[in-house]
Amino acid sequence: MTIDSHQHFWRYEPVAYHWLSEPMSALRRDFLPEDLRRETAAAGVDGTVSVQALQTLGETRFLLDLARANRFILGVVGWVPLTDPGVAGILEELAADPALKGCRHVLQEEPDDNYMLRPDFNDGVRAVTAAGLAYDILIYERQLPQTLQFVDRHPGQLFVLDHIGKPCIRDGSFAAWNGAIRDLACRPNVYCKVSGMATEADWGGWTEADLLPYLDTVLEAFGPRRLMFGSDWPMSLAAVEYGRWCELVRGFVSRLGEAERDRVLAGTAAEAYGLGRRGSLL
């Protein structure tokens, strides 16, 4: 099997999706399950995990509705107001739907890199732990020092690092990210998505060789047991076609034994998000 552990859906609205800048103008349209189903069928991907793009409860419910209607959507990572004192009740309501597998906040867009260290935010993450859900970490490379502190506050929480921590690939930056990502990988409760890398490189000119040092690092640091394939579709379309990204990751893991390949392509995501519990494709 192959599970895409990271993709998005949206009905495009200019105000809500104002962050789709002019270079991403091709993404200013609807992206819905029928669009992704064509891509997954062509690429041999069996199921996906749909991840929030907007920070609204309405979008979380929208994604849960799509998962109920589309069997290939194996789970949802939604947004909840983690700093709201009533977040535990909100999580209880949403988690009644077995498609909800995790939560995420767009930390990369917070003006304060220390936002994740706020007491009220951490109270919210403790509610996520109590609900038995994963938490996806969306940050830029510069936020890795704060992320280490944040993760250490929650040893009982399963974390999934999105897009290998968004290193500055287009600038050729490596050393600082390399040290911090290896430190983060020492925390056994942190998993990592091989996703979103092409959009951190030169969109029109990147090569596999540009990405290889980063791929080698996360494979060595996290190992196949905590590494999972993801596409970041449709955001990834700014820099790479869906099928090409699938081929690149499959080519990279071809050096591994069969069990380890299966782990990166499907097993890690299934474990981290408890995907077998829906009785769907797994």
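Since every read-out is calculated from the coordinates, none of them should be taken as a lab result. Source: prediction; values computed, not measured. FYI the Cβ positions are ideal-geometry reconstructions off the backbone, even for glycines, and counts take in every protein chain you see.
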Most exposed first, judged by fewest Cβ atoms within 10 angstrom, 97, 4 run 97, 4
Sparse-neighbourhood loop hits (chymotrypsin sites (Phe, Trp or Tyr not before Pro), the stretch 151-188; DSSP loop; Cβ within 10 Å at most 16 others) -> 174
Note, residue 6: beta-carbon cut-off 11 Å, +1 each Lys/Arg, -1 each Asp/Glu, net -2
Dividing the mean separation of Cα pairs under 8 Å (6+ apart) by the residue count of the stretch 127-250 yields a relative contact order in percent of 24 percent
Everything considered on the Cα gyration tensor (a ≥ b ≥ c; rounded for a/c under 1.5, else prolate if a/b is larger than b/c, else oblate), the stretch 1-157 must be described as prolate
The relative contact order of the chain, taking Cα pairs under 8 Å that sit 6 or more residues apart, comes to a percentage of 20 percent
The long-range amide H neighbours of residue 47, using H built 1.01 Å from N in the peptide plane and a cut-off of under 5 Å, are 2, 4
Spelling it out for residue 134: with amide H atoms placed in the peptide plane at 1.01 Å from N, the residues 5 or more places away or on another chain with amide H under 5 Å from its amide H are 102, 103
Taking the chain and counting helices only, DSSP H stretches of n ≥ 4 at -39,500 (n - 2.57) each over all residues, the nearest-500 ellipticity at 222 nm comes to -10500 deg cm²/dmol
A student applying the Cα gyration tensor rule (rounded when a/c is under 1.5; otherwise prolate if a/b is larger than b/c, oblate if not) would label the stretch 96-217 prolate
Note to self: C-alpha centroids of the stretch 31-101 and the stretch 249-264 sit apart, in Å, by 27 Å
For the stretch 243-254, in residue order, the Karplus 3J(HN,Hα) values (coefficients 6.51, -1.76, 1.60; θ = phi - 60°; whole Hz; Gly and Pro = x) are x, 5, 5, 4, 4, 5, 5, 4, x, 5, 7, 5
Taking every DSSP bridge whose two residues both lie in the chain, the antiparallel percent to the nearest 5 is 5 percent
Calculating volume of the Cα convex hull per residue in Å³ from this structure picks out, from [x] 153; [y] 191; [z] 121, entry [z]
